[in-house]
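As structure tokens, the structure follows; a few thoughts come after it.
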Amino acid sequence: LRIIEPPGALRGRRVLVTAGPTYEDLDPVRYLGNRSSGRMGVAVAVEAARQGAEVTLVLGPTSIAPPAGVKTVRVRSAREMHAAVTAEREAVDAIVMSAAVADYTPAGGAASDKVKKQDGGLTVTLERTVDILADLGRWRADRPSPVLVGFAAETTDVLGYASRKREAKRVDLIVANDVGQPGAGFEVETNIASFVTAEGVQSFPLEAKAALAARIAAYIAERLAATADG
Ligand code: CTP
Ligand code: CA
């Protein structure tokens, strides 16, 4: 038997990846969620580990199994995800925000007792969650490290929205997905993506999420190698 060394472009690097949806509780039995499976982020975590990185995966509530060989921190809400990311951010070389973080949560938090039905409709007031990626961009300010990668799932003007998000959140790379097309988005094994960076746009064909994950790992490795103290 021979020990097969991993390819190792990320050997010695630490990478934090978020994946999955967040659930925002309305009361002890109900929540607001979304259809993210976490597959894309798990693929990034697996690939970064295969390339030799020490990976922490912050995983929202999804039924897919956390991958072996990756330290996994389970979270439920956007608030918990923000806390988990903030606790790790100083220690890592790159952060990939693939989670589908809720934009809104019930104002004032979850009701402590089950909400009982009444005649007529129900109005729930929601408030904004923290934008975790934008918070990371503000915190990093003008430093090159950690490398920050976000996603943008769009149905129209994909590259326009993605490039505005990249600038507003002050991140290095936005992986833009056209989720309006078949073969892209939440419940499939494939994606149709473009990389939006300060240098421009690079578009890729329909491909497996694992193949896109390899491109993201390669981007991070190159970016780290390019920074002076890399
Ligand atoms: N994101 C985040 N925290 C949030 C919302 C989004 O960190 N509260 C991150 C996502 O993980 C993703 C990126 O921001 O990497 C873009 O998410 P997206 O939902 O596409 O964009 P938003 O800025 O939330 O804008 P909108 O949903 O209105 O398109
Ligand atoms: Ca959003």
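Annotations
- Inverting the pair-averaged 1/r between distinct Cα atoms of region 94-230 gives 17.0 Å as its Kirkwood hydrodynamic radius.
- Pair-distance profile P(r), taking every C-alpha pair of the chain, with 5 angstrom steps and integer %: 1, 7, 14, 18, 20, 16, 11, 6, 4, 2, 1, 0, 0, 0, 0
- Net charge over other residues, Cβ less than 13 angstrom from the Cβ of Arg128 (K, R count +1; D, E count -1): -4
- In order along region 187-194, the Karplus-derived 3J(HN,Hα) couplings, from 6.51 cos²θ - 1.76 cosθ + 1.60 at θ = phi - 60°, round to 10, 10, 8, 10, 8, 10, 10, 10 Hz, and Gly and Pro are given as x.
- Percent of beta bridges antiparallel (DSSP, the chain, rounded to nearest 5): 40
- Gain in span if fully extended, Val188 to Ala168, counting 0.36 nm per residue against the direct Cα distance: 4.3 nm
- Charge context of Val171, other residues only, Cβ under 14 angstrom, K/R +1, D/E -1: +4
- Additional length obtainable on full extension of the chain from Arg128 to Glu199, 0.36 nm per residue less Cα span: 22.4 nm
- Per-residue ellipticity at 222 nm from helix content only, as computed over the chain with -39500 (n - 2.57) for each DSSP H run of at least four residues, stands at -8500 deg cm²/dmol.
- Distant alpha-carbon pairs in region 53-153 (separation over 20 angstrom), percent: 49
- Nearest-ten-degree value, helix 209-226 long axis tilted from longest Cα axis of the chain: 60
- Magnitude of the charge dipole, region 146-224, Cβ model with Lys/Arg +1 and Asp/Glu -1, debye to 20: 280
- Remark on Gly185: its backbone amide H falls under 5 Å from those of Ile192, a criterion applied only to residues 5 or more positions apart or on other chains, H modelled at 1.01 Å from N.
- Across region 1-91, the relative contact order, built from alpha-carbon pairs under 8 Å that are at least six residues apart, equals 32 percent.
- Stretch gain in nm, segment Thr227-Glu80, where the contour uses 0.36 nm per residue and the Cα spacing is subtracted: 49.8 nm
- Around Glu207: net Lys/Arg minus Asp/Glu count, Cβ-Cβ under 11 Å: +1
- Inter-centroid distance (Cα atoms) of region 182-215 relative to region 10-28, Å: 20
- Converting phi to 3J(HN,Hα) with the Karplus coefficients 6.51, -1.76 and 1.60 and the offset θ = phi - 60°, region 56-68 yields 10, 10, 9, 10, x, x, 9, 8, 5, 6, x, x, 5 Hz in sequence order, with x at every glycine or proline.
- For Lys209, the aspartates and glutamates whose Cα comes closer than 13 Å to its Cα, not counting residues fewer than 8 places off in the same chain, are Glu47, Glu187, Glu189.
Every number in this text was worked out from the coordinates using simple rules, so none of it is lab data. In this text the structure is predicted, and so the values were computed from the model without any measurement. Cβ: placed from backbone, ideal geometry, glycine included. Neighbour counts: every protein chain shown.
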